[in-house]
Amino acid sequence: MTILQQREPILECRGLYHAYGKEPSLLGVDLKVEAGGIVGLLGPNGSGKTTLIKLIMGMLQPSQGEVLIDGKSPCPETRAETAYLPDANYLCEYMTVAQQLDYFVDFFKDFDRDRAAGMLSRLGISSKQRIRALSKGNKEKLGLVLTMSRRAKLFVLDEPIAGVDPAARDFILDTILSNKPEDSTIFLCTHLISDIEETLTHAVFLDRGKVVMSGRADELRQREGKSLNDLFREVFRW
């Protein structure tokens, strides 16, 4: 079992298996993630990262094992305290930005509309704009702003910096760090290690459905004598 710290976990996976038909995607994942850190779920495409996230969010059911969020199986209660940013556009294209904010106010009790409006103002995104008229980059920024304007216990971010330019990556990372509530946890899935390494407190390396390495980021670097980016290249060398 992988234990990242010695406190009660906000997220725990126990003997987690999942298969799509006869094709296995997760092969016995054991993982504990304690509150307060920024945890990188690191692995190449096809390693099982998105499957694991969908299991955490209750969008898939495990073939074996279980997922616990704050000690509970995924359910409406856990979803109410978990903020999820998927790897695809989830916005309502027909709405204006203001209407999308209204939707989040109605749907999530922990959503801070003033915080969201402030970030969007700094980005120059008008509340009157139709979402369908926004650029791809601004849609991604709006999605992130909506997610990070919640006061959730657990933030689950699936590839938040994939497919965006370096300037947008800087904005995304700054938004994540500056808007993270102190006691919340960020569980961030990515294969772009060099861009996020300095923000991570912990790292979990997932390869072909198995956790192959995990721990505190600083301890991994000290023990292995390498950066997380170099470790990634070594672990996932083809």
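The values are calculated or read from the model by the stated rules, or taken from the named source; none is laboratory data. Quick caveat, the model's predicted, so the values are computed rather than measured. With ideal geometry, Cβ positions are generated from the backbone for all residues, glycine too; neighbour counts draw on all protein chains shown. To get the accessible areas, we keep the full protein, side chains included, count just its heavy atoms, and leave off ligands, DNA and RNA. Shrake-Rupley method; radii C 1.70, N 1.55, O 1.52, S 1.80 Å.
Some observations on this one:
- Exactly one residue out of Ile186, Ile196 is β-branched (Val, Ile, Thr) and at pLDDT 90 or above, and it is Ile186.
- Of all residue pairs spaced 6 or more apart or on separate chains, those with beta-carbon atoms under 6 Å, a first member in the range 168-192 that is over 24 Å from Asn45 (Cβ atoms) and a second member that is of a type in the set (D, E, K, R) are Pro181/Arg151; Ser184/Lys153.
- Among the residues here, Ala167 does not qualify as at pLDDT below 85, open to solvent by 10 Å² or more (accessible area, probe 1.4 Å) and under 15 Å from the mean Cα position of the chain (by Cα).
- Residue list for the range 61-86, filter: surrounded by fewer than 16 Cβ atoms within 10 Å (Cβ to Cβ) and in contact with a Cys (Cβ under 8 Å, 6 or more places away or on another chain): Glu66
- Among the residues examined, Val105 does not qualify as of a type outside the set (S, T, N, Q), out of contact with any helix residue (DSSP H, G or I) (no Cβ under 6 Å at 6 or more places or on another chain) and modelled with pLDDT of 95 or more.
- 3 or more residues of a type in the set (A, V, I, L, M) and within 25 Å of Lys141 (Cα to Cα): qualifying helices (runs of 4 or more DSSP H) within the range 1-119: 49-56, 97-107
- Here Leu27, Leu91, Leu120 are screened, and the one residue that is open to solvent by less than 10 Å² (accessible area, probe 1.4 Å), over 16 Å from the mean Cα position of the chain (by Cα) and more than 21 Å from Ile186 (Cα to Cα) is Leu120.
- Test for Arg150: is it among the basic types (Lys, Arg) and surrounded by fewer than 20 Cβ atoms within 10 Å (Cβ to Cβ): no
- Taken together, the residues in the range 123-157 that are in a strand (DSSP E or B) and either β-branched (Val, Ile, Thr) or within 19 Å of the chain's Cα centre (by Cα) (or both) amount to 5.
- Evaluation of Asn45 against the conditions (1) within 18 Å of the chain's Cα centre (by Cα); (2) more than 16 Å from Phe187 (Cα to Cα); (3) at pLDDT 95 or above shows that the sole unmet condition is (3).
- For Gly225: the one exception among (1) touching a residue at least 40 places away in the same chain (Cβ under 8 Å); (2) at positive phi; (3) open to solvent by 50 Å² or more (accessible area, probe 1.4 Å): (1)
- Failed criterion for Arg130 (all others in (1) of a type in the set (D, E, K, R); (2) closer than 17 Å to Thr175 by Cβ; (3) modelled with pLDDT of 90 or more hold): (2)
- Residue that is nearest to Cys75 (Cα to Cα), among those in the range 30-60 that are of a type in the set (S, T, N, Q) and open to solvent by 20 Å² or more (accessible area, probe 1.4 Å): Thr50
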